[in-house]
1. Please work out if LYS10 is among the basic types (Lys, Arg) and either exposed (fewer than 14 other Cβ atoms within 10 Å of the Cβ) or within 21 Å of GLU141 (Cα to Cα) (or both).
2. Among the residues of region 17-37, is there at least one that is in contact with a helix residue (DSSP H, G or I) (Cβ under 9 Å, 6 or more places away or on another chain), at pLDDT 95 or above and either of a type outside the set (Val, Ile, Thr) or exposed (fewer than 14 other Cβ atoms within 10 Å of the Cβ) (or both)?
3. Taking region 76-110 only, how many residues are surrounded by fewer than 13 Cβ atoms within 10 Å (Cβ to Cβ) and either in contact (Cβ under 8 Å) with a residue 40 or more places away in the chain or touching a Phe, Trp or Tyr at 6+ places or on another chain (Cβ under 7 Å) (or both)?
4. Of all residues in region 10-36, how many are over 15 Å from the mean Cα position of the chain (by Cα) and part of a loop (DSSP other than H, G, I, E, B)?
5. Which residue pairs have Cβ atoms closer than 6 Å, lie 6 or more positions apart in sequence or on different chains, and pair a first residue in region 111-122 that is over 22 Å from LYS25 (Cβ atoms) and of a type outside the set (Val, Ile, Thr) with a second residue that is surrounded by fewer than 18 Cβ atoms within 10 Å (Cβ to Cβ) and at pLDDT below 95?
6. If GLY49 passes every condition in (1) surrounded by 15 or more Cβ atoms within 10 Å (Cβ to Cβ); (2) modelled with pLDDT of 95 or more; (3) among the small types (Gly, Ala, Ser); (4) outside any strand (DSSP E or B) but one, which one does it miss?
7. Could you tell me which numbered condition LYS157 fails, if it satisfies all but one of (1) closer than 23 Å to LYS16 by Cα; (2) over 13 Å from the mean Cα position of the chain (by Cα)?
8. Please work out if TYR105 is under 19 Å from ILE2 (Cα atoms) and in a helix (DSSP H, G or I).
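The values are calculated or read from the model by the stated rules, or taken from the named source; none is laboratory data. Treat the numbers as computed from the prediction; the structure is a model and nothing was measured. Positions of Cβ are generated from backbone atoms using ideal geometry, with glycine treated the same way; all protein chains shown enter the neighbour counts.
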Amino acid sequence: MIKLIVAYDKNRLIGKGDKLVWEIKEDLKHFKKETENQTILFGDITFTGIGKPLPNRKTIILTLDKSFKYNHKDVTIEYDINNIINTYKNNNDKNIIIAGGATIYKLFLPFVDEMIISHIQSEYEGDKYFPKWNTKDFFVEFEEKHNGFIVKKYKRK
């Protein structure tokens, strides 16, 4: 199954460069809870911005840069999106969580089965946005209000 997790503001802003533009501790805890002991996928720019693998997760880094290397037991480098889609799409035994950045979200959006979106209830300034998506393709399975943001879990119809 291909899942996606993202936090975006009222304008679908997700960051500036390779960084988040807000620090909402409760949302970071939510991200940790959703992704711990899972396989997550980042683009190479987002991963480089984080600087290291997140603990208690397997990480796949998708890149077109054949010279990109990262030596760690929990990190795999992948150069072909189709390998990921073929491994995880319609596979209830294997999950992957797409975790950014903007280009990666755009590439995987047509293939995701589920999205977990933290709707940040403020506006920020930055230059990276989550792609437009058709709400008619999904239904809200779960909604939870927090201080400053709302988490919604969307499933593809």
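1. Yes: the conditions hold for LYS10.
2. There is no residue in region 17-37 that is in contact with a helix residue (DSSP H, G or I) (Cβ under 9 Å, 6 or more places away or on another chain), at pLDDT 95 or above and either of a type outside the set (Val, Ile, Thr) or exposed (fewer than 14 other Cβ atoms within 10 Å of the Cβ) (or both).
3. Total satisfying the criteria: 3.
4. Number satisfying all stated conditions: 7.
5. Filtered contacts from region 111-122: PHE111/LYS89.
6. (2)
7. (1)
8. Criteria met by TYR105.
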